[in-house]
Amino acid sequence: MALIVQKYGGTSVGSVDRIKNVAAKVKKARAQGHDVIVVVSAMSGETNRLIELAKAINERPDPRELDVLVSTGEQVTIALLCMALLNEGLPAQSYTGAQVHILTDSAFTKARIMDIDGQRIRASLKEGKVVVVAGFQGVDSDGNITTLGRGGSDTTAVALAAALKADECQIYTDVDGVYTTDPRVVPEARRLKTITFEEMLEMASLGSKVLQIRSVEFAGKYNVPLRVLSSFEEGEGTLITFEDNQMEQVQISGIAFNRDEAKLTILGVPDQPGVAARILGAVGQANIEVDMIIQNVGRDNTTDFTFTVHRNDYSKALEILKATAEQLNAREVSGDNKIVKISLVGVGMRSHAGVAGTMFKALADEGINIRMISTSEIKISVVVDEKYLELGVRALHSAFNLAQE
Ligand code: ADP
Ligand code: ASP
Ligand code: MG
């Protein structure tokens with residue numbers, strides 16, 4: 001007998017019939033003798049709908065109240081799923097995040113889990129019940145409702161699996177595993193049987209939204225066996241593994257992309273110590289995260305800086321940069337919020353030269369201009385114009401033969 005945490009995403013609980021389908025899947029796991037904790041998302045579209053309501057009142061809603069609002073989506077699904085489980089003759093009990101003490105910090109809309117008290121869950125399991133927990137939500141030390149950021153139910157599931165030392169954490173979604181790239185963009189994309197934590201972490205942080213990045217961090221840190229599976233088809237899905245040096249490593253495991261990018265440039269700033277700190281410090285102080293940064297070779301004692309930020313932060317960053325430009329007597333400020341980032345990810349990249357060359361040539365052959373490049377041990381990212389996203393990802397998928405095993 002094992003303890004299994006199963007998480008079902010929005011599409012998987014998107015209608016009453018689908019909730020009944022989840023109940024049947026849980027029943028199957030119980031029939032195999034397993035203890036089951038189920039984490040559910042809100043019904044598909046519900047979180048977006050709630051955010052829209054808030055924005056209809058205020059473009060920047062109060063974060064505490066926004067969390068009170070959006071956390072209701074998951075409260076609906078835990079109750080409905082428990083009703084469906086009871087219909088199947090399975091004893092079940094629902095819990096909100098606060099009821100099982102998913103303690104977080106107070107960073108509303110992007111809170112981090114600090115601690116989970118597993119007592120109540122253990123007691124319910126002991127009584128033979130299926131425990132159904134609302135994903136995405138927690139409570140801070142003052143009793144305020146918090147949420148964990150978009151896709152946060154993944155993290156709830158992994159955190160519960162870690163806290164209760166579950167044998168496996170299964171993420172059920174609308175694809176049957178982790179693919180070489182988003183199958184919605186490249187239909188030939190191939191399901192990976194395994195992917196390492198390191199690679200999954202890069203994929204998630206570079207834009208693959210199949211798993212929330214924090215859930216992967218958590219699973220790696222606490223050694224949680226993590227698997228991505230389909231709610232609608234049988235199959236073994238994709239297992240996230242620790243690196244296995246025995247295995248022959250492929251160069252590239254996958255391609256991630258991020259549409260939410262914007263870039264800003266400041267031209268003709270003095271080429272002297274402290275200038276980068278001034279420019280990026282001002283942006284950082286406004287709580288805007290900077291991703292890629294490029295400084296050009298200086299000429300005539302001046303230089304240029306380009307950096308990227310999340311598209312939501314674009315107008316604010318531009319405003320700040322214009323103010324800095326005035327103080328520094330810079331020549332010009334420009335920006336572009338119609339750019340995207342495409343990244344190749346693979347632990348095998350470490351030991352293979354020539355990956356960058358193949359990547360750049362494949363993009364050039366399609367007439368795609370590369371605007372920025374950044375590399376690390378196991379990834380290469382390029383920034384290109386938004387209109388080239390699909391074309392670029394498809395060209396790279398075929399240049400690296402990712403459809404073939
Ligand atoms: P859920 O609602 O179940 O949490 P998500 O929409 O958050 O589901 O995540 C699943 C989606 O992630 C898929 O429908 C797919 O379009 C997208 N996706 C992006 N990159 C990948 C990838 N490399 N492999 C599989 N799915 C991916
Ligand atoms: N319902 C939340 C969202 O849409 C959390 C989740 O589904 O993981 O982001
Ligand atoms: Mg998700």
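With the whole protein complex present, D35 retains an accessible surface near 30 Å², based on a 1.4 Å probe. For the chain, the longest principal axis of the C-alpha atoms and the axis of helix 389-399 are separated by about 80°. Ordered from largest to smallest accessible area (heavy atoms of protein chains, 1.4 Å probe), the residues K387, K126, K27 come out as K126, K387, K27. Listed values for segment 361-373 are Karplus-derived 3J(HN,Hα) couplings in whole Hz (6.51 cos²θ - 1.76 cosθ + 1.60, θ = phi - 60°), namely 5, 4, 6, 4, 4, 9, x, 8, 7, 8, 9, 8, 9, and x replaces Gly and Pro.
Residues in segment 1-100 average 47 Å² of solvent-accessible surface per residue, probe 1.4 Å, ligands and nucleic acids excluded. Electrostatic bookkeeping for L53 treats Lys and Arg as +1 and Asp and Glu as -1; over the other residues with beta carbon under 15 Å from its beta carbon, the sum is -3.
Take I373: with every protein chain present and a 1.4 Å probe, its accessible area is about 80 Å². Between A134, A276, A356, the GNM of the chain built on Cα springs shorter than 10 angstrom shows A276 fluctuating the most.
Each Lys or Arg adds one and each Asp or Glu takes one away; over the other residues whose Cβ falls under 14 Å from the Cβ of Q327, this sums to +1.
The listed residues H34, H310, H101 rank as H101, H310, H34 when sorted by accessible area, largest first, using a 1.4 Å probe. Eigenvalues of the alpha-carbon gyration tensor of the chain, scaled by 5 and square-rooted, set the equivalent ellipsoid semi-axes at 40, 27, 18 angstrom, largest first. Set against the 2.2 N^0.38 Å expectation for a compact globular protein, segment 162-295 has a Cα radius of gyration ratio of 1.35.
Convex hull volume of the Cα atoms of segment 1-120, normalised per residue: 103 Å³. Compared with the dominant Cα axis of the chain, that is its longest principal axis, helix 16-31 is turned about 70°. Counting charges near M349 (Lys, Arg +1; Asp, Glu -1) among other residues having Cβ under 12 Å from its Cβ returns a value of -2.
If you average the alpha carbon positions of segment 141-166 and of segment 267-285, how far apart do those two centres end up, in angstrom? Answer, in whole Å: 38. When a 1.4 Å probe is rolled over the protein heavy atoms, the share of accessible surface on segment 19-81 that falls to carbon and sulfur comes to 55 percent.
By how many degrees, 0 to 90 and rounded to 10, does the Cα axis of helix 314-328 deviate from the longest principal axis of the chain? Taking Cα atoms only, the helix is inclined about 30 degrees. Accessible surface for segment 192-304, divided over its residues, is 52 Å² per residue with a 1.4 Å probe. The HN-Hα couplings worked out from phi for segment 266-272 by the Karplus form 6.51 cos²θ - 1.76 cosθ + 1.60 (θ = phi - 60°) are 10, 10, x, 9, x, 8, 8 Hz, whole numbers, x standing for Gly and Pro. When +1 charges are put on Lys and Arg Cβ atoms and -1 charges on Asp and Glu Cβ atoms, the dipole computed for segment 205-338 relative to its Cα centre reaches about 460 debye.
Here the dipole of the chain is about 540 debye; that uses its Cα centre as origin and unit charges on the Cβ of Lys and Arg (positive) and Asp and Glu (negative). Of the solvent-accessible surface of segment 214-305, computed with a 1.4 Å probe and all protein chains present, 45% belongs to carbon and sulfur.
What a 1.4 Å probe finds exposed on segment 353-405 is 47% carbon and sulfur by accessible area, rounded to a whole percent.
For every helix of n ≥ 4 consecutive DSSP H residues, a contribution of -39,500 (n - 2.57) applies; sum these over the chain, divide by its total residues, and give [θ] at 222 nm rounded to the nearest 500 deg cm²/dmol.
Computed mean residue ellipticity for the chain: -10500 deg cm²/dmol.
The values are calculated or read from the model by the stated rules, or taken from the named source; none is laboratory data. The model shown is predicted, which means the values in this text are computed figures rather than measured ones. Glycine gets a Cβ as well: all are built from the backbone with ideal geometry, and neighbour counts include every protein chain shown. What goes into the accessible areas is simple: the full protein's heavy atoms, side chains included, and nothing from ligands, DNA or RNA. Shrake-Rupley method; radii C 1.70, N 1.55, O 1.52, S 1.80 Å.
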